[in-house]
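All of the numbers you see were taken from the coordinates with simple rules; none came from a lab. Because the structure is predicted, anything quoted here is derived from the model rather than measured. Counting neighbours? That spans all protein chains shown, and the Cβs are built from the backbone with ideal geometry, glycine included.
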Amino acid sequence: MKLRDLAKGSSVFLTVIVAGYVSTTYVDQRFATQVNTTGSPAPTSSPAPSACVDEDGSWKNWPWPNVPALSPKCR
């Protein structure tokens with residue numbers, strides 16, 4: 001392996017790591033907090049309902065695309 005090949009591989013590896021970090025921080029800032037139409041964060045006066053599985057298999061009370069495993073059935 002030549003030094004040039006090592007430099008190319010290292011730069012690609014570093015670029016992938018930086019791109020992953022930047023995209024993660026973007027997603028956290030964009031989707032982690034719910035914002036109402038006035039631009040301020042949504043009030044959190046009452047606890048959020050827990051995620052549950054409806055009879056047809058759909059998820060309720062879970063705004064994110066990843067759903068926790070083994071959630072209880074809805075009442």
How much net charge surrounds Pro72 when only other residues with a Cβ under 12 Å from its Cβ are counted (Lys, Arg +1; Asp, Glu -1)?
+2
Go ahead and run the numbers for FRET between Lys2 and Val22, Cβ-Cβ distance against an R0 of 22 Å, rounding to 0.05.
0.15
If I take R0 = 30 Å and measure r between the Cβ atoms of Arg75 and Gln29 in this structure, what FRET efficiency does the formula 1/(1 + (r/R0)^6) give, to the nearest 0.05?
0.30
